[in-house]
Amino acid sequence: MKGIELQKSKTILEMQRKSVLNQLSALKNDKVRKMRPLSRGLDDQAQEIENDQVIDQLELKDYKKLESIEAALTRIKNGKYGICSTCNNTIAKARIIAIPYTDKCIDCC
Ligand SMILES: [Zn+2]
């Protein structure tokens, strides 16, 4: 991968990392807000539990994404970015653009 493309991917990954971190702290704030005893009815409580589960799922998804982004940034540092971790082939540029933190080519994903 060319230096300039690598730099571009790095910038995109850093932006994505920032936005995931922002989202994670927003989700955290959502949870904190709900600690207050607001709702009384059982229906409300059920709704809140459901919301919490949705937030947990979003959080988990974000943490996984964050992990992938961090790993991709490490691969850039190690000179392994853009290479499939399974078959060692070069990952297609279009795929890198679509999913900058991917570590697998289209055949291995
Ligand atoms: Zn592969």
Open item on the list: Under a Cβ-only charge scheme (Lys and Arg +1, Asp and Glu -1), can you give me the dipole magnitude of the stretch 3-81 about the Cα centre, in debye to the nearest 20?
Closed with: 540
TODO: Specify which residue in the list GLY3, VAL32, VAL54 is farthest towards the positive end of the charge dipole of the stretch 3-81, using unit charges on the beta carbon of Lys, Arg (+1) and Asp, Glu (-1), about the Cα centre.
DONE: GLY3
Task: Per-residue HN-Hα couplings for the stretch 77-84 [Karplus 6.51, -1.76, 1.60; θ = phi - 60°; Hz; x = Gly/Pro] - done: 4, 7, x, 10, 5, x, 10, 5
- [ ] Could you please rank ASP56, ASP30, placing first whichever residue has the fewest other Cβ atoms within 10 Å of its Cβ?
- [x] ASP56, ASP30
Task: Inter-probe distance in nm under a simple model that places probes 7 Å from Cα toward Cβ, at VAL32 and SER19 - done: 2.4
Task: the chain pair-distance distribution - Cα-Cα, 10 Å bins, rounded % - done: 14, 35, 22, 15, 11, 3
- [ ] Return the distance in nm (one decimal) between the two label points of a simple spin-label model at GLN53 and ASN89, each offset 7 Å from Cα along Cα→Cβ.
- [x] 4.1
TODO: Pull up all non-local amide H partners of ILE83: gap of 5 or more, or a different chain, and H-to-H distance under 5 Å with H placed in the peptide plane.
DONE: ILE91
Task: Sequence ranges 42-53, 74-85, 18-29, ranked by mean other-Cβ count within 10 angstrom, highest first - done: 74-85, 18-29, 42-53
Open item on the list: Using 22 Å as the Cα-Cα cut-off, could you pick out the over-long pairs in LYS31/LYS65; LYS18/LYS77; LYS80/LYS104; LYS2/LYS65; LYS28/LYS77; LYS28/LYS80?
Closed with: LYS2/LYS65; LYS28/LYS77; LYS28/LYS80
Task: FRET efficiency, 1/(1 + (r/R0)^6) with R0 30 Å, evaluated for ASP44 and GLU67 via beta carbons - done: 0.30
TODO: Calculate, for THR74 and ALA98, the FRET efficiency according to 1/(1 + (r/R0)^6) with r their C-beta to C-beta distance and R0 22 Å; round to the nearest 0.05.
DONE: 0.60
TODO: Specify the angular offset, from 0 to 90 degrees and rounded to the nearest 10, of the alpha carbon long axis of helix 3-34 from the longest principal axis of the alpha carbons in the chain.
DONE: 10
Task: Computed [θ] at 222 nm, deg cm²/dmol, the chain (DSSP H ≥ 4; -39,500 (n - 2.57); rounded to nearest 500) - done: -24500 deg cm²/dmol
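Coordinate-derived values only; no laboratory data. Nothing here was measured: the structure is a model prediction, and the numbers come from that model. With ideal geometry, Cβ positions are generated from the backbone for all residues, glycine too; neighbour counts draw on all protein chains shown.
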